[in-house]
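Read through the structure below, which is laid out as structure tokens, and then see the notes.
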Amino acid sequence: MALTPLYIGFSRASGYFKSLSLFFLRLILAYGFYEPAMMKWNDISAVAEWFGSIGIPFPTLNAYMAAATELTGVVLLTLGFLTRLISLPLIVVMVVAIVTVHLPHGFSAGNNGFEIPLYYMIMLFALVAHGPGRFSLDRLLFKEDA
């Protein structure tokens, strides 16, 4: 078929964008975690109080853990350093956010549903599976395949 060589050529050419897409994915996720992380750090006691009000055990400890995980994620995702590793606790943060806050509101982000945290989880899972790409400290320091 005439379509087969065209498709194979297109697939090879689009493969050159893999590292660039992973780079943008990391930056978008880092940006997405930045504001919630800073909001938590700016008033950690209010966050701990809110965590307690929604039934999260050890609310102060968990407020600090969530804030630290998110802020660490911002830095490490931006640099592409320990990308696969930091993605795992960030996924856990998203699971907790979905279960404790967003699930009762349904799917839609417009109704404070679980849409956005689910998208973040999927993007983080892609980083666990594919790594940070060529434009990362992981590639430079650990010689990870791009």
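Just so it is clear, none of the values below were taken in a lab; they were calculated from the coordinates. What you are looking at is a predicted structure, and each value in this text was computed from that prediction instead of being measured. Backbone-built Cβ (ideal geometry, glycine too); neighbour counts: all protein chains shown.
General observations
- Annotation: ASP145 fulfils all but one of (1) under 16 Å from the mean Cα position of the chain (by Cα); (2) under 18 Å from PHE81 (Cα atoms); (3) of a type in the set (Asp, Glu); the unmet one is (1).
Yes/no per residue for (1) touching a Lys or Arg at 6+ places or on another chain (Cβ under 8 Å); (2) part of a helix (DSSP H, G or I); (3) of a type outside the set (Lys, Arg); (4) surrounded by 15 or more Cβ atoms within 10 Å (Cβ to Cβ):
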position	(1), (2), (3), (4)
TYR34	no, yes, yes, yes
VAL47	yes, yes, yes, yes
GLY55	no, no, yes, no
ALA63	yes, yes, yes, yes
THR72	no, yes, yes, yes
SER87	no, yes, yes, yes
VAL95	no, yes, yes, no
PRO117	no, yes, yes, yes
MET123	no, yes, yes, yes
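- Checking each residue in the range 30-69 for being closer than 15 Å to ALA97 by Cα and among the aromatic types (Phe, Trp, Tyr) picks out PHE33, TRP50, PHE51, TYR64.
- The residue pairs whose first member lies in the range 5-18 and is touching a residue at least 40 places away in the same chain (Cβ under 8 Å), whose second member is assigned to a helix (DSSP H, G or I), and whose beta carbons are closer than 9 Å, counting only pairs six or more residues apart or on different chains, are LYS18/HIS130.
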